[in-house]
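Right, one structure below, let's go through it.
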Amino acid sequence: MDNVSFVDHLRLKFPHEKSLLFKDLSLSFHKGEKVLLLGPSGCGKSTLLQVLSGLIPKAIEVPIKHEKIQIPEAWGFVFQDPDSQFCMPYVDEEIAFVLENLQVQRDEMIEKIQELLNTVGLQIDNIHTPIQSLSGGMKQRLAIASVLALNPEVLFLDEPTALLDEQGTAQIWDTIKNISEHKTVIIVEHKVDQILDFIDRVIVFTPDGKILADGDVSYVFSNYQEELDHYGIWYPGVWDSYLMRNKLNKHYKKDGNKHSLRLKNFKGFRNKEVMIAVEDAEIYPGEWISVIGKNGSGKSTLLLSLMQLLRTTGTYTIHNQCIHKIEDLQDKAYFVFQNPEYQFITNTVYDEITYAHQIKKADQQAIRNNADEILSIFGLKDKIKHHPYQLSHGQKRRLSVATAFVQSPKLLLLDEPTFGQDSKNTFKLLEMLENQRKTGTIIIMVTHDQQVIKHFGTRVWEVQGGKVIKDWKNNQRSKEDKNAYSFSQ
Amino acid sequence: MHTAFHSKENWLHKVNPSFKLICITLLFLFVLTIHNLNFMIMFTIAIALLFILFTGQSLKRILLFLLPFMLIFLSTALSMIFFGKGETTLFKWGLVHVTEESLFRGIHIGFRALSFALMGLTFALTTRPVLLFYSLMQQLKLPPKYAYSFMAAIRLIPIMIEEFQTIRYARKVRGLQSTKGMNNILKLSISIPIPLLSQSIRRAFRIAVAMEAKRFDSSVKRTFYYKMRISPYDFIFLFYFILLIGLAYFIAFNHPLIPVTDVRY
């Protein structure tokens, strides 16, 4: 068979790194092949895609060396972040931008734009729609549409669903399956469940950029499970393997029936408009509530309201103390945002951890001991002097949760903390939250991950149209609502 | 800017953006040569008419826009009125020294600032940035490299505003805002731009790579989705100014409101 793309003896080194990322890597891809690249974060999968497409060194200047390389004649590249791959404000203008690059005549453009949008199943009434008003899944389909305008024979997909919810992910893969007949598709992806039936070949990389395994799906997943676990790759049986190793005990001994958080007729406002409403809820110590619901249904607004970052009305008490403003929540509640960088305010990991105590001017020795303990729990002890921004994605996330634990809050609010994390980091994080929960902390967490809800949550709230419409204990759900999610307990 | 304020489309929106830009720039320069107070007032009225009648904004919004304009007028005018040089004293109190000359000059400068603000806003409200850059590329041969960078940057602004809000919330949760004192205020004002900029720089870099991945190449000739051309609306625009400036000139010199012909001192 013909190779559409190959590279021979690739050597690549990032200027500020000590060692080579790739040392004499050789790889080739057949026409029409669907290939999945797997590996721990930082092993260079995305970089490899950029080399194969010629973006390195043409658009991104990184010194590389190779004996031979074949860059496909027509290729398309879909990136991870839906918000940073468009340069125009409207849907039609964005696709037109690609058509302009290809020097398509103006009078053919509208028709072509319609056609491309239909191909990816993006039905919008008016093609002149602001991109900002689309959901993440729609944005990614627009990205695919604009790439298809290039009529590519090879598609490079760099974690196109990493920042999407389950629904968006399904839409993207359906679209890609539809359009990729006769095309070569090379995919980097962490969440592989939905594409296994589509993939012909899997290549696994080691942390130092060497090929560990190269073969078909069943071969790789049955022979390399241990390595995949170790690298934190989300392969299909990862939860089963985790649950085999760890026994989860979901129960917390309630002391009596005393609820510690009470909401009644609670409403959160944005510009005088009610954005979220909770009629009546009692929450007991040690409960882990998963908040689910569609994009834009009000999940994050609920958390912001509970943290008193939005204006609220109604009754809201913690341990019988009324909460009216954010100052009432100090030492009681903590909110972990989706992007950890937003919450870093100091210049070193150590200062970050001790910040809360420093502003209270607590005893220095006690502060140090407390910080040491937390940093070693979170595996950040050797990073004490680092700037928070220099940490890896997973470490940043852990640090931002660690800052929450310093104050051992009664209520911990988290907005999709496991988003885009590899399996290793996710499990580590969930275990820490679980330990905190066992001490009686209430955890309220927005998440899309069914496995997390099933194995760690104790209670589920479903939000729809700005209201908490359902509230059930985790083991009751399957009886109540059979056609939604099934919780086999 | 125009995308944020939906409005009715008027002939003013259909004027070629490059042509509009050139005309407004020339008018800016022209205003600097006006030293006759009567003419200055009449000229401002002509611009204000254009702003009120043809930007397609609702009356409520126009009144809202006029508020900061009053502030601009008062702040520029008052400083000249109170502290400007002059011989015929009208009023004196401490440092404040109002003279006939400084009074007229102050009013003149106030109107000048007002007409600048009105022209700028009229332009911003009736011009879509995307069309401006398409027109600059087509009529004024601006290299596409710059035009598309600007358009991508404009797209980033609403994303940044949203991000700014989130960062403020995130900081509040850390207890930054509950502490007082100069030191903390300083810390806060430094600490917000850093994550905001670091995100934006990364995003800008990624957009640039994505643009190249979509085969953007500034050395190749390109076609244009929007064809910008000179139309009769441009002549309406030009005639509006010729007519009204002419009229303003006529009224100012034949029926002056104020008996001052030159405010220079």
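Taking a straight Cα-Cα cut-off under 14 Å and skipping sequence neighbours fewer than 8 places away in the same chain, the aspartates and glutamates within cross-link reach of residue A:183 are A:2, A:33, A:73, A:153, A:200. Both radii come from the Cα set of the stretch A:282-440: Rg as radius of gyration, Rh as Kirkwood radius; their ratio Rg/Rh reads 0.96.
When you count the other C-beta atoms within 10 angstrom of each residue and take the mean per peptide, B:120-128, A:406-414, A:300-308 line up highest first as A:300-308, A:406-414, B:120-128. Computed from phi, the 3J(HN,Hα) profile of the stretch A:383-393 under the Karplus parametrisation 6.51, -1.76, 1.60 (θ = phi - 60°) reads 10, 3, 8, 6, 6, x, 6, 7, 6, 6, 3 Hz, with x in place of Gly and Pro.
Annotation: peptides B:60-68, A:445-453, ranked by per-residue average of other Cβ atoms within 10 Å with the highest first, follow the order A:445-453, B:60-68. For the stretch A:184-228, the residues whose backbone nitrogen is under 19 Å from a point 7 Å from the Cα of residue A:30, taken along Cα to Cβ, are A:184-187, A:196-204, A:213-221. Across peptide A:84-96, the average count of Cβ atoms from other chains found within 10 Å of a residue's Cβ is 6.
Which positions within the stretch B:137-167 get 10 Å² or more of their accessible surface covered by the other protein chains, compared to the chain by itself, with a 1.4 angstrom probe? Relative to the lone chain, where solvent access is computed with a 1.4 Å probe, the stretch B:137-167 loses at least 10 Å² at B:148, B:151, B:152, B:155, B:158, B:159, B:162, B:163, B:166, B:167. Measuring nothing but how far apart in sequence close Cα pairs (under 8 Å, 6+ apart) lie, relative to its length, chain A scores a relative contact order of 14 percent.
When only Cα pairs below 8 angstrom with a gap of at least 6 residues are kept, chain B shows a relative contact order of 33 percent.
The equivalent ellipsoid of chain B has semi-axes of 40, 32, 15 Å, largest first, where each one is the square root of 5 times an eigenvalue of the Cα gyration tensor. The stretch A:286-336 and the stretch A:181-198 have Cα centres spaced 39 Å apart. Taking 0.36 nm per residue of sequence separation and removing the Cα-Cα distance, the residue A:177/residue A:68 pair yields an extension gain of 36.2 nm.
Global dimensions of the protein assembly as shown from alpha-carbon coordinates: Rg and Dmax equal 31.1, 98 Å.
Candidate cross-link partners of residue B:227 among the lysines, defined by an alpha-carbon separation under 21 Å and a same-chain spacing of 8 or more, comprise A:112, B:14, B:20, B:141, B:145. Annotation: extensible slack from residue A:200 through residue A:393 equals 66.5 nm (criterion: 0.36 nm per residue apart, minus Cα-Cα distance). Rounded to the nearest 0.05, the FRET efficiency derived from the C-beta distance between residue B:33 and residue B:92 at R0 = 41 Å is 0.80. Below 8 Å, C-alpha to C-alpha, sequence gap of six or more: please give me the relative contact order for the stretch A:193-327 in percent. Rounded, it is 19 percent for the stretch A:193-327. Computed over the stretch B:141-213, the P(r) tail beyond 13 angstrom holds 71 percent of alpha carbon pairs. The lysines within cross-link reach of residue A:264, meaning a Cα-to-Cα straight distance under 21 Å and a gap of 8 or more places when in the same chain, are A:272, A:299, A:325, A:332, A:410, A:467, A:470, A:473. Taking Cα atoms only, the orientation of helix A:91-101 departs from the longest principal axis of chain A by about 30 degrees.
Taking the Cα centre of chain A as origin and assigning +1 to Lys and Arg Cβ atoms and -1 to Asp and Glu Cβ atoms, the resulting dipole is close to 2240 debye. Each of the peptides A:156-163, A:267-274 was scored by the mean count of other Cβ atoms within 10 Å over its residues; in descending order, highest first, they stand as A:156-163, A:267-274. To the nearest ten degrees, helix A:349-360 and the longest principal axis of the Cα atoms of chain A are 30 degrees apart.
For an R0 of 60 angstrom, estimate the FRET efficiency from the Cβ-Cβ distance between residue B:255 and residue B:190 and round to the nearest 0.05. The formula returns an efficiency of 0.55 here. For the protein assembly as shown, with the dipole built from +1 on Lys and Arg beta-carbon atoms and -1 on Asp and Glu ones, taken about the Cα centre, which of B:211, A:474, B:246 lies farthest toward the positive end? So the residue we want is B:246. Farthest toward the positive end of the dipole of chain A, out of A:317, A:221, A:48, is the Cα of A:317, where the dipole comes from beta carbon charges about the Cα centre. Helix A:166-179 and the longest principal axis of the C-alpha atoms of chain A enclose an angle of approximately 10°.
Within chain B, helices built from complete DSSP H runs that reach 20 Å or longer along their own axis (Cα positions) and carry a mean Kyte-Doolittle hydropathy of 0.0 or higher are B:17-32, B:37-54, B:59-83, B:100-125, B:144-173, B:193-213, B:232-254. With a point put 7 Å past each Cα toward its Cβ, work out how far residue B:205 is from residue B:238 in nm, to one decimal. Placing both labels 7 Å along Cα→Cβ, they lie 4.8 nm apart.
At full extension, residue B:45 and residue B:230 could sit 63.9 nm farther apart than now, given 0.36 nm per residue minus the alpha carbon distance. Accessible surface of the protein assembly as shown, 1.4 Å probe: 57 percent of it comes from carbon and sulfur atoms. State whether the stretch B:215-259 is rounded, prolate or oblate according to the following rule on the C-alpha gyration tensor (a ≥ b ≥ c being the square roots of its eigenvalues): a/c under 1.5 gives rounded; otherwise a/b larger than b/c gives prolate, and the remaining case gives oblate. Note, shape of the stretch B:215-259 comes out prolate.
For the interface of B with A, what's the total buried accessible surface in square angstrom, probe 1.4 angstrom, rounded to the nearest hundred? Summing both sides, the interface buries roughly 5000 Å².
Ranking A:136, A:458, A:389 by how far each Cα lies toward the positive end of the dipole of chain A (charges on Cβ) leaves A:458 at the top. In the context of the full set of protein chains, the stretch A:256-402 has a per residue accessible area of 46 Å² (1.4 Å probe). For residue B:169, the accessible surface of its heavy atoms amounts to roughly 30 Å² (probe 1.4 Å, protein chains only, rounded to the nearest 10). When the helices in chain B are scored as -39500 (n - 2.57) per DSSP H run of 4 or longer and the sum is shared across all residues, what 222 nm value do you end up with, to the nearest 500 deg cm²/dmol? It lands at -23500 deg cm²/dmol. Using a basic spin-label model with each label point 7 Å from the Cα along Cα→Cβ, how many nm lie between residue A:193 and residue B:64? Computed distance between label sites residue A:193 and residue B:64 equals 4.5 nm. Near residue A:469, the amide H atoms lying under 5 Å from its own belong to A:462, A:463, A:464; only residues 5 or more places off or on other chains count, and H is placed 1.01 Å from N. Based on the alpha-carbon gyration tensor of the stretch A:404-468 and its eigenvalue square roots a ≥ b ≥ c, which shape applies: rounded if a/c is under 1.5, prolate if not and a/b is larger than b/c, or oblate? Judged from the Cα gyration tensor, the stretch A:404-468 comes out oblate (a/c at least 1.5, b/c at or above a/b).
Sites counted here are GluC sites (Glu not before Pro) in a DSSP loop (not H, G, I, E or B) having no more than 11 other Cβ atoms within 10 Å; the longest part of chain B that contains none of them is B:88-265. Give the separation of the Cα centroids, the stretch B:119-156 to the stretch B:1-78, in Å. Their Cα centres are 19 Å away from one another.
The values are calculated or read from the model by the stated rules, or taken from the named source; none is laboratory data. What you are looking at is a predicted structure, and each value in this text was computed from that prediction instead of being measured. Every residue, glycine as well, gets a Cβ built from its backbone with ideal geometry; the counts of neighbours run over all protein chains shown. Only protein heavy atoms, including side chains, enter the accessible area calculation; ligands, DNA and RNA are left aside. Shrake-Rupley method; radii C 1.70, N 1.55, O 1.52, S 1.80 Å.
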